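Student: Would you mind keeping the following structure in view while I ask a few things?
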Amino acid sequence: MQDSRVAASSRLDQVRYDIRGPLSRRAHELEAAGHPVLRLNIGNPGLFGFRVPQHLRDAISDSLPRSEAYCHQQGLAEAREAIAAQHRRNGAEAAAARVFIGNGVSELIDLSLRALLEPGDEVLVPAPDYPLWSAATRLNGGVPVYYACPAERAHRPDPDEIAALVTPRTKALVLINPNNPTGAVYPRELLLALVEVARRHRLVLLGDEIYDSVLYDGARFEPLAPLAGEVPCLSYGGLSKVHLACGYRVGWLSLTGAGTHELERALDLLASLRLCSNVTAQWAIRPALEGPNEIGALTRTGGRLHAARAAIVDAVARSGFLELVPPEGALYAFPGVDAQRLPGFDDEAFALELLEHEHIILVPGSSFNIAERNRFRVTMLPEPAVLADAFARIERQLERCAETGAAQRRVA
């Protein structure tokens, strides 16, 4: 009898997105069996009581009658102008004609790499990375090449190490700033050095800046495009994180620099093929960029996100097993486990045991394309008291590991 199975594309063989992977499926099973699960795996503000600012809701509601037809493939004209104006205020030579709006930054990352890459082209990606960058590179025929951002350097890259990775096939350099998963924020001097690497080797800069206003304790965000100048640069932003509107699925990219006409035409073609992005939510872009910065009240001293971050930093300081570079930005912490206290510790095994014993789901650090298996990522979105309790339960599971030798890597 002929095998009737439908095979999946081999292009997916090396693609993973563990943030919503096997652990998440197991969490759904536990919930279906009546066990509440604390989800520390995804940065989804709406699940933790955060609400989109009212003036953005009002803008969408008032514009519903104007949302029933396709718009321009690049997005609403007034929204693109508002995005370009924000970049100009930051010092970049931005234009609405070079702005593309998408269904989240995720879609635009895929479109950008599809427009840029030939089979076998290399893309320099941080390790740890946000795994969509690796996945989209592979799915579009490219090869991710990782540059290290270790805790010993406060999770920041070394420009000389990056330059040493460049080959004739290297096409682009990805920067995630503020960084997901580590929370690192890159200083101006470092960004200038990275721009120089791109200029010297004729690389396209890809600046993932979705967390640009999520900053703590005086950290300063430096936008990449003004520093890049004539170096081709794609800067990505959106409503999901800064404006707490993940479900709106609104992202954008602004293209700056010289010699990008072919890339612009390719992006326009790909944008046309998907007709346009969601029109309804685009009406929130201009009021979001021109209105109050409401995330700042949450990240300053006394704000909920600031207190949540403090709860994690304090919990790690009290732990007998954990270490942490305190996050300067974004919505995550990336603790590490002391290998001397727990030799042979494996992040994936620990995450599964934590889920089974304590009903907490987090993301193993190796899911972010690092070789080390002693880290994990947690979101800072829950209430501070919830996070304090969660880390007490994490500590309890680490103590079990120390006593029983659990969380050792499973070898098939």
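The values are calculated or read from the model by the stated rules, or taken from the named source; none is laboratory data. What you see is a predicted model, and the numbers here were worked out from it, not measured in a lab. Every residue, glycine among them, receives a Cβ derived from its backbone with ideal geometry; neighbour counts consider all protein chains shown. Remember, those area values only see protein heavy atoms, side chains included, never the ligands or the DNA or RNA. Shrake-Rupley method; radii C 1.70, N 1.55, O 1.52, S 1.80 Å.
Student: Rounded, prolate or oblate: which fits segment 262-337, taking a ≥ b ≥ c as square roots of the Cα gyration tensor eigenvalues, rounded meaning a/c under 1.5, else prolate when a/b beats b/c?
Tutor: oblate
Student: Something else now. Can you give the accessible area per residue of segment 1-108, in Å², using a 1.4 Å probe?
Tutor: Averaged over the residues of segment 1-108, the accessible area is 60 Å².
Student: Right, something else. Can you check what the Kirkwood hydrodynamic radius comes to for segment 52-207, Cα pairs only, in Å to one decimal?
Tutor: Numbers: mean 1/r = 0.0571 Å⁻¹.
Hydrodynamic radius (Kirkwood, Cα only) of segment 52-207 equals 17.5 Å.
Student: Consider just the alpha-carbon atoms of segment 362-409 and return their Rg together with their Dmax, both in angstrom.
Tutor: Using the Cα atoms of segment 362-409, the pair Rg, Dmax is 12.4, 33 Å.
Student: What size of dipole, in debye to the nearest 20, comes out for the chain about its Cα centre when the only charges are +1 on Lys and Arg C-beta atoms and -1 on Asp and Glu C-beta atoms?
Tutor: That gives a dipole near 400 debye.
Student: Let me ask something else. Rg and Dmax of segment 69-158, Cα atoms, in Å?
Tutor: 16.2, 52
Student: With the dipole of the chain worked out from charges on the C-beta (+1 for Lys and Arg, -1 for Asp and Glu) around the Cα centre, which of 284, 305, 272 lies farthest toward the positive end?
Tutor: Final value for the positive-end residue is 272.
Student: Let me know the charge dipole size of segment 20-77 about its Cα centre in debye, to the nearest 20, where only the beta-carbon of Lys, Arg (+1) and Asp, Glu (-1) is charged. Mind showing how you got there, number by number?
Tutor: Working: 7 positive and 5 negative charges, 50 e Å.
Value, rounded to 20: 240 debye.
Student: Something else now. Can you give the charge dipole size of segment 239-335 about its Cα centre, rounded to the nearest 20 debye, using +1 on the beta carbon of Lys and Arg and -1 on the beta carbon of Asp and Glu? Mind showing how you got there, number by number?
Tutor: Values: 9 positive and 8 negative charges, 60 e Å.
I would put it at about 300 debye.
Student: Around residue 174, under 14 Å between beta carbons, what's the net of Lys plus Arg minus Asp minus Glu among the other residues?
Tutor: -4
Student: Next question. Under the definition of Cα pairs under 8 Å and six or more residues apart, what whole-number percent is the relative contact order of the chain? Write down the numbers at each step before the final one.
Tutor: On the way: 792 pairs, mean separation 89.9, N = 412.
Taking the mean separation of contacting Cα pairs over the length of the chain, I get 22 percent.
Student: Between segment 235-306 and segment 56-117, what is the separation of their alpha carbon centroids in Å?
Tutor: When both Cα centres are located, 7 Å separates them.
Student: Here is a follow-up. Which one, 177, 162, 113, projects farthest toward the positive side of the charge dipole computed for segment 110-177 from Cβ point charges (K/R +1, D/E -1)?
Tutor: Result: 113, furthest along the dipole toward the positive end.
Student: Rounded if a/c is under 1.5, else prolate if a/b is larger than b/c, else oblate: which is segment 228-290, with a ≥ b ≥ c the root eigenvalues of its Cα gyration tensor?
Tutor: oblate
Student: Normalised by the empirical 2.2 N^0.38 Å for globular proteins, what value does the Cα Rg of segment 143-273 take?
Tutor: Against the empirical 2.2 N^0.38 Å value, I get 1.08 for segment 143-273.
Student: Above 37 angstrom, tally the Cα pairs of the chain and express them as a % of all pairs, no decimals.
Tutor: 23 percent
Student: Same structure again: Can you tell which of 203, 237, 352 lies farthest toward the positive end of the dipole of the chain, using +1 and -1 charges on the Cβ of basic and acidic side chains (Lys, Arg; Asp, Glu)?
Tutor: Checked the options; the winner is 237.
Student: Give the calculated FRET efficiency between residue 220 and residue 6 to the nearest 0.05, with a Förster radius of 60 Å applied to their Cβ-Cβ distance.
Tutor: Computed FRET efficiency for residue 220 and residue 6: 0.70.
Student: For segment 98-139, what does the alpha-carbon gyration tensor say about shape, rounded, prolate or oblate, given a ≥ b ≥ c as the root eigenvalues, a/c under 1.5 as rounded, and a/b over b/c as prolate?
Tutor: oblate
Student: How big is the gap, in Å, between the Cα center of segment 146-194 and the Cα center of segment 378-397?
Tutor: 30 Å
Student: Can you give me the distance in nm between label points at residue 338 and residue 274, each placed 7 Å from the Cα along the Cα-to-Cβ direction?
Tutor: Simple spin-label model gives 4.6 nm for this pair.
Student: Quote to one decimal, in nm, the extra length available between residue 29 and residue 318 on full extension: 0.36 nm per residue of separation minus the C-alpha distance between them. Before the final figure, lay out each step's value.
Tutor: Working: separation 289, 0.36 × 289 = 104.04 nm, distance 3.26 nm.
Between residue 29 and residue 318, full extension yields an extra 100.8 nm.
Student: Please find the FRET efficiency linking residue 297 to residue 77, where r is the Cβ-Cβ separation and R0 is fixed at 35 Å, and quote it to the nearest 0.05.
Tutor: On the way: r = 31 Å, r/R0 = 0.89.
Given R0 = 35 Å and the Cβ-Cβ separation, E is 0.65.
Student: Now a separate question. For the chain, what % of the accessible area comes from carbon and sulfur atoms, probe 1.4 Å?
Tutor: Details: 9160 of 17870 Å².
C and S fraction of accessible area: 51 percent.
Student: Per the helix-only calculation at 222 nm, which mean residue ellipticity applies to the chain, given -39500 (n - 2.57) for every DSSP H run of n ≥ 4 and division by its residues, nearest 500 deg cm²/dmol?
Tutor: After summing the helix terms and dividing by residue count, I get -11500 deg cm²/dmol.
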